[in-house]
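Peer 1: I'd like to ask some things about the structure below.
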Amino acid sequence: GLWGSPEPSFNAYLKGSETQMVELAKAWGADYQQDAMVMLLPKEGAEGGKLIWDFGRTLSEGDLDALLKGVIEVNRDLSPALASQAGLEDFMVGLTVKDKRDVEYWASGPDTFQLGQILITEAIKKAGLSLPEVLKTPGYEFRLLFKGADYFVK
């Protein structure tokens, strides 16, 4: 939704080899006519992971609308300067909402963890919501899959 059209996604806890998981994701992406997809693979020592804000209550539709509006605002107003300071060409955040209670942000490494936390914290403040504690869960590798090729995101 935030990027102009719905983005198909799914969360799956599957067991198998890394090769099998990549092939599954590529097949799923082909079914949905995607030119590219991102996989988040649990991997010990990987620098990527997620930040989780648990609000401790179910967020109303108004709360969620205000939060998404806050994300759009920080991506437009704050992100370009922070990305430049961090030596990144471009940077935007997006959220995953779980059970209308938690929001997650997935980061590919230390820089994106830090920038994501700053931007989403500001989005939460702009939404007028109480700022919950953030939990950092590292240990995920980002794999960017294109038709015909795949890359590790650093």
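Peer 1: Taking the options Pro42, Pro80, Pro6, Pro110, name whichever one is open to solvent by 70 Å² or more (accessible area, probe 1.4 Å), modelled with pLDDT of 85 or more and closer than 23 Å to Lys147 by Cα. Step through it out loud before you land on a result.
Peer 2: Values: Pro80 fails: closer than 23 Å to Lys147 by Cα; Pro6 fails: modelled with pLDDT of 85 or more; Pro110 fails: closer than 23 Å to Lys147 by Cα.
None of the others qualify; the one that does is Pro42.
Matching residues to (1) part of a helix (DSSP H, G or I); (2) among the aromatic types (Phe, Trp, Tyr); (3) closer than 21 Å to Ala127 by Cα:
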| position | (1), (2), (3) |
| --- | --- |
| Leu24 | yes, no, no |
| Leu51 | no, no, yes |
| Thr58 | no, no, yes |
| Val74 | yes, no, yes |
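Peer 1: Can you name the residue in the range 121-151 that is among the hydrophobic types (A, V, I, L, M, F, W, C) and either surrounded by fewer than 15 Cβ atoms within 10 Å (Cβ to Cβ) or assigned to a strand (DSSP E or B) (or both) and, of all such residues, is modelled with the lowest pLDDT? Give the steps one after another, and end with the answer.
Peer 2: Residues of the range 121-151 that are among the hydrophobic types (A, V, I, L, M, F, W, C), as a first pass: 123-124, 127, 129, 131, 134-135, 142, 144-146, 149.
From what is left, the residues that are either surrounded by fewer than 15 Cβ atoms within 10 Å (Cβ to Cβ) or assigned to a strand (DSSP E or B) (or both) are 131, 134-135, 142, 144-146, 149.
Values: Leu131: 94, Val134: 94, Leu135: 94, Phe142: 84, Leu144: 80, Leu145: 80, Phe146: 77, Ala149: 61.
Restricting to residues being among the hydrophobic types (A, V, I, L, M, F, W, C) and either surrounded by fewer than 15 Cβ atoms within 10 Å (Cβ to Cβ) or assigned to a strand (DSSP E or B) (or both), the top hit is Ala149.
Peer 1: On to the next question. So Leu115 ticks every box in (1) surrounded by 13 or more Cβ atoms within 10 Å (Cβ to Cβ); (2) in a strand (DSSP E or B); (3) of a type in the set (A, V, I, L, M) but one. Which box is left unticked?
Peer 2: (2)
Peer 1: Quick test of your reading of the structure: Gly62 fulfils all but one of (1) free of Cβ contacts under 8 Å to residues at least 60 places away in the same chain; (2) loosely packed, with under 12 Cβ neighbours inside 10 Å; (3) in a loop (DSSP other than H, G, I, E, B). Name the failing condition by number.
Peer 2: Every condition holds for Gly62 apart from (3).
Peer 1: Take Gly48 and decide whether it is more than 19 Å from Gly94 (Cα to Cα) and in contact (Cβ under 8 Å) with a residue 40 or more places away in the chain. Walk me through it before giving the result.
Peer 2: Values: more than 19 Å from Gly94 (Cα to Cα): no; in contact (Cβ under 8 Å) with a residue 40 or more places away in the chain: yes.
Here the answer is no, as Gly48 does not meet what is asked.
Peer 1: Criterion first (over 16 Å from Arg143 (Cβ atoms), open to solvent by 40 Å² or more (accessible area, probe 1.4 Å), part of a loop (DSSP other than H, G, I, E, B) and modelled with pLDDT under 90) does Gly87 satisfy it? Before the answer, list the steps.
Peer 2: Values: over 16 Å from Arg143 (Cβ atoms): yes; open to solvent by 40 Å² or more (accessible area, probe 1.4 Å): yes; part of a loop (DSSP other than H, G, I, E, B): yes; modelled with pLDDT under 90: yes.
It is true that Gly87 is over 16 Å from Arg143 (Cβ atoms), open to solvent by 40 Å² or more (accessible area, probe 1.4 Å), part of a loop (DSSP other than H, G, I, E, B) and modelled with pLDDT under 90.
This table checks each residue for (1) among the charged types (D, E, K, R); (2) closer than 13 Å to Val103 by Cβ.
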residue	(1), (2)
Gly49	no, no
Trp53	no, yes
Asp65	yes, no
Glu73	yes, no
Arg76	yes, no
Ala81	no, no
Ser84	no, no
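The values are calculated or read from the model by the stated rules, or taken from the named source; none is laboratory data. Small disclaimer: the values here were computed from a predicted structure and weren't measured. A quick note on method: Cβ atoms are made from the backbone with ideal geometry, for glycine too, and the neighbour counts reach across all protein chains shown. Only protein heavy atoms, including side chains, enter the accessible area calculation; ligands, DNA and RNA are left aside. Shrake-Rupley method; radii C 1.70, N 1.55, O 1.52, S 1.80 Å.
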